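First up is the structure itself, then whatever we jot down about it.
The values are calculated or read from the model by the stated rules, or taken from the named source; none is laboratory data. Computed from a predicted model, the values in this text were never measured in an experiment. Cβ coordinates were reconstructed from backbone atoms using ideal geometry, including for glycine residues, and neighbour counts include every protein chain displayed.
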Amino acid sequence: MIRLNLSAVPFWHAFLPGLKLQLLPLTTALMVATRADAAVEGLAPEASDEERAVAFAKALARRAVLAWEGIGDADGNAIDPSDEAIDALLDIWPIFEAFQLTYVSKGLMLEQEKNVSAPSPNGPSAGATATAKRAKSSARTARRG
């Protein structure tokens, strides 16, 4: 069952102890805008999947992160989100992984759910329902040549 969250209200998510991000809901519009981001579209055709994943995650985070708690500069002073700060945050491996697993993958899991069929019982036609009527008699053999 797909559960619809009809609210477009930003929400707070704890990624690590002491680190919370306020995020926009992951919507189609947000994903499409991220795909069209200059940093994503500007990747070289030979860029690896890993490079593409990092570029996409950073572009998505720059759009989705509205506020945060528990992030400061080198002197320990709290800072507000900026493109540069968001990119630096996602350069920290555990935070990148948490962002991918808890925010991005929710949208991808929904994408995956819609592309599957219910499992069938064992065998190529087990569980299949016949839709055609049985033939009244055998068909004649086709003529040769």
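Odds and ends about this structure:
Every residue, every condition in (1) exposed (fewer than 13 other Cβ atoms within 10 Å of the Cβ); (2) modelled with pLDDT of 95 or more, yes or no:
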{"residue": "Met1", "(1), (2)": "yes, no"}
{"residue": "Ala8", "(1), (2)": "yes, no"}
{"residue": "Leu23", "(1), (2)": "no, yes"}
{"residue": "Leu26", "(1), (2)": "no, no"}
{"residue": "Ala59", "(1), (2)": "no, yes"}
{"residue": "Leu66", "(1), (2)": "no, yes"}
{"residue": "Asp75", "(1), (2)": "yes, no"}
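- Residue check for Val40: of a type in the set (Val, Ile, Thr), surrounded by 10 or more Cβ atoms within 10 Å (Cβ to Cβ) and closer than 19 Å to Leu101 by Cβ: no
- Being among the aliphatic types (A, V, I, L, M), on the phi < 0 side of the Ramachandran plot and touching a Pro at 6+ places or on another chain (Cβ under 6 Å) holds for only one residue in Leu60, Leu24, Leu43, and it is Leu24.
- Residues that are at pLDDT below 95 and loosely packed, with under 11 Cβ neighbours inside 10 Å number at least 2 in the following helices (runs of 4 or more DSSP H) confined to the stretch 78-128: 93-99, 105-113.
- For Leu16, the conditions (1) at pLDDT 90 or above; (2) surrounded by 10 or more Cβ atoms within 10 Å (Cβ to Cβ); (3) farther than 19 Å from Asp83 by Cβ all hold with the exception of (1).
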